[in-house]
Ligand code: F6R
């Protein structure tokens with residue numbers, strides 16, 4: 001694991017964003033897997049800025065998102081589809097036909113998961129996987145559990161994740177399950193870019209870097225990835 005600690009979240013965004021920017025210079029048709037949540041927003045802003053200045057282009061890029069709530073319409077403001085368009089896709093020159101997000105309203109969830117894995121494989125595999133981390137150590141929506149899931153699946157969200165999410169669903173219509181790429185799908189990426197900022201993440205970061213490698217602590221598996229780059233601000237790194 002290559003751990004990099006920065007003064008603040010702005011510096012984390014630039015450093016992590018530059019990994020994507022450099023990759024695009026080497027391979028313009030890269031395959032990226034993106035995360036949602038508050039942590040990557042600054043990095044997406046930075047990538048959009050570089051794109052506006054014509055320093056990088058996403059026109060040949062393919063993307064897969066890590067996860068999506070089950071039962072949510074894509075135009076719902078809380079869907080990850082909506083999030084990605086608002087925070088990144090609408091601001092860059094990407095061809096939206098090449099952006100893939102699991103369909104929260106899929107009639108056959110099992111088939112949705114299988115199709116997604118097939119699409120990832122057909123794309124040639126993920127060049128860079130972006131990850132944030134939950135306060136409970138989840139990556140994507142791979143919650144603490146007794147097993148590491150290999151492929152994309154439907155997961156029941158834990159109480160702690162539901163509680164964190166409740167802030168975003170004021171009418172109490174909080175999703176209880178989600179689609180997520182599995183730990184195997186994440187680990188098959190050629191490179192991992194993991195970002196965490198703020199003191200609420202310090203415990204999860206310490207457990208990832210130093211705790212037992214166990215599905216009870218999903219992010220800990222990243223210690224087995226050959227090419228994982230960890231970008232932290234001082235607060236998230238405080239317990240290392
Ligand atoms: C979302 C995802 C989640 C988040 C995690 C942290 O696509 O993969 O694992 O990365 O919940 O979320 P924030 O950044 O909001 O603290």
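Being more than 21 Å from residue 220 (Cα to Cα), in contact with a strand residue (DSSP E or B) (Cβ under 8 Å, 6 or more places away or on another chain) and surrounded by fewer than 20 Cβ atoms within 10 Å (Cβ to Cβ) holds for only one residue in 11, 22, and it is 11.
Determine whether segment 67-83 contains at least one residue that is surrounded by 23 or more Cβ atoms within 10 Å (Cβ to Cβ), under 22 Å from residue 13 (Cβ atoms) and more than 16 Å from the ligand (Cβ to nearest atom). No - not one qualifying residue is present in segment 67-83.
Restricting to segment 8-59, count the residues that are outside any helix (DSSP H, G or I) and within 16 Å of the ligand (Cβ to nearest atom). Steps first, please.
Going residue by residue through segment 8-59, those that are outside any helix (DSSP H, G or I) are 8, 27-40, 53-59.
Next, from what is left, pick out any that are within 16 Å of the ligand (Cβ to nearest atom): 8, 32-40.
Qualifying residue count for the region: 10.
Of the residues making up segment 111-158, those that are free of Cβ contacts under 8 Å to residues at least 40 places away in the same chain and either within 14 Å of the ligand (Cβ to nearest atom) or touching a strand residue (DSSP E or B) at 6+ places or on another chain (Cβ under 9 Å) (or both) number 5.
Evaluated against (1) without any contact (Cβ under 8 Å) to a residue 40 or more places away in the chain; (2) within 11 Å of the ligand (Cβ to nearest atom), residue 184 falls short on exactly one condition, (2).
Considering each residue of segment 182-200, count those that are within 20 Å of residue 22 (Cα to Cα) and surrounded by 20 or more Cβ atoms within 10 Å (Cβ to Cβ), and give that number.
First, pick out the residues of segment 182-200 that are within 20 Å of residue 22 (Cα to Cα): 189-195.
Retained after the next criterion (residues that are surrounded by 20 or more Cβ atoms within 10 Å (Cβ to Cβ)): 189, 192-195.
Final tally of qualifying residues: 5.
The residues of segment 102-114 that are surrounded by fewer than 16 Cβ atoms within 10 Å (Cβ to Cβ) and not in a loop (DSSP other than H, G, I, E, B), listed by number, are 110, 111, 114.
So residue 1 passes all but one of these: (1) in contact (Cβ under 8 Å) with a residue 12 or more places away in the chain; (2) touching a helix residue (DSSP H, G or I) at 6+ places or on another chain (Cβ under 7 Å); (3) surrounded by fewer than 15 Cβ atoms within 10 Å (Cβ to Cβ). Which condition number does it fail? Only one criterion in (1) in contact (Cβ under 8 Å) with a residue 12 or more places away in the chain; (2) touching a helix residue (DSSP H, G or I) at 6+ places or on another chain (Cβ under 7 Å); (3) surrounded by fewer than 15 Cβ atoms within 10 Å (Cβ to Cβ) is unmet by residue 1, namely (3).
Any read-out appearing in this document is the output of simple, stated calculations on the displayed coordinates, not a laboratory observation. Note that this is a predicted model, so its numbers are computed, not measured. All Cβ positions, glycine included, derive from the backbone under ideal geometry; neighbour counts span all protein chains shown.
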